[in-house]
Structure formats: C-alpha cells, structure tokens
C-alpha cells in the first residue's frame, strides 16, 4: 500500500534529501539523460482513477503498515526507465496497491511483473485493472505480507513504503542476486546511498543496484605489475589499504581508481575479477 505523508513528514524528508550527498565517485560519470516513454494509465477509459465500478479505494485509507497513496504516473515511468526494465525482466512491486507500477512494467515495458499487497480488495482491483490493460497473462498479484513473501527471483524490485519499512527490507534486498535493481518512491535506505536520485516535477525516487561482495585481500596482476591489496566494502563503495584511491561495485561490475588516477574496470565472478589486461584473485 502507498503511504500518505503528513506535511511535517514531507518537510523533514525534503530537508533530509537536500542535505544528503549522493555518492558519485570520480570514476562514475553521471549517466546519460534518459528518454522517458509515454505512460498511459493501465485502466479502461470508463474506469475511475484509482478504482473501478466494484471498488473505489480512498487516498489515505489505512492499511497494515502504511496508508494508500498512489505513485504519480510520471514517477512510475521514470522509475521503470531508470531501472532499464525490458521484456526480459521480472519486476516485483512491494505493497502494490492498485497495481499501477506492475501494470506499467508489463504494458509499457513488456516485462513480467508481480505485485504483493496485503489488502485483498486492492489485490482484486489490480487484477481487474491488469485484465483491462490486456496484461493479465504476464502481470499477476497476490495477497500477502511482503516480509513473509519470497521475491528473490525478481530482477527489479519497486516499492513505496515508509523509512522504517525500507530499513527493515534493506538486509533482504542486499542479500538478493548482485545486479538486482531496486527503485523506491520517496524514501531512501539510510546509509545505503542510492546509485541515482530520480526527480520529476512532483516526486522523488531512488535507485540502487545490489552490489556483489568484493571485500577481502586480492592478488592483482596488472600488466607486469603484481601486488596484493585489501578491499573494504560499505554497500557499493570500496576503499583499500593504499593501492587504490577508491572504488565502486555496480552489481558485479567493479571500478577501481589507482592512486595515480588510472581507472580499472572489470567483472567480479566468485573470487575472480577479470578486466581488460588485468585480473585479480581473492586470497582470503
């Protein structure tokens, strides 16, 4: 379900976002601008916004942990675009409400999608909306508790919850397969800084890629240069014991900046990193 923010909470959240520094390491240039596709609401023209003739949810109606407020259409589009959703993805929306994010993933981006929602009336509403949108064959909804549901097969996870619920979800999300993309409306993940911040005219979202685990001591071979270095990791950000200035994980992709400014890019698989003209093996 979608949370309704009181004015005081909005002010506090906006202040916190403004004060937050989004980590952009020197080696991580800003991504190119995205071209957002046109998003039309996945409802029949006769269906009232947010509901249908069988059920009309009220903005702000109470739920299990949050109260329902739908994500704005523009941010739905932006979230799915920044996550680079394609027909090959399986999108899971946590607290799916009326189903608009999952339906947009299926209708506009061709993905398979699944929504988990505690309110059975909203689940039924979302299923009817998916049928009207012509995507019921690839967009499904289930009634359930997100903390008791298995969504580990997702390649993209979307959510609009509350800060305390995001923090409770954080260890679950970090344990997912490296490369899984996470997109949240309005609230971040505390110390886990977003890889990108998404802004539309009326809303803000945050995007992360689940990082692979690179912590440990590595034996590097770079050309004829051989040395060992310890990498320490806090979420996606890396530091070292002197061989590197800094580094970052984006899924299984690793970028390291040497102390002389040279940049190494590679892929981490298990205990091996392979790059163009260099490699490393984890020794402990």
Quiz item: Measuring from the lowest to the highest alpha carbon on each principal axis, how far does the range 166-209 reach, largest first, in angstroms?
Solution: 33, 20, 13
Quiz item: If each residue's Cβ is checked for other Cβ atoms within 10 Å, how do 232, 96, 58 rank with the fewest at the top?
Solution: 58, 232, 96
Exercise. Please sort 79-85, 241-247 by packing, taking for each peptide the average over its residues of neighbouring beta carbons within 10 angstrom, highest first.
Key: 79-85, 241-247
Self-check item: Modelled FRET efficiency - R0 35 Å, residue 278 with residue 152, Cβ distances, 0.05 increments
Solution: 0.60
Quiz item: Counting other C-beta atoms within 10 Å, which of 114, 185 has the fewest, and how do the rest follow?
Solution: 114, 185
Exercise. For each of 146, 263, count neighbouring Cβ atoms within 10 Å of the residue's Cβ, then give the residues from fewest to most.
Key: 263, 146
Self-check item: Distance in nm between pseudo-label sites at residue 217 and residue 267 (7 Å out along the Cβ direction from Cα)
Solution: 2.9 nm
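Readers should treat all values here as calculations from the given coordinates under stated rules, not as data from a laboratory. Predicted model only: the values in this text are computed from it and were never measured. Heads up, the Cβs are rebuilt from the backbone with ideal geometry, glycines too, and the neighbour counts pull from every protein chain shown.
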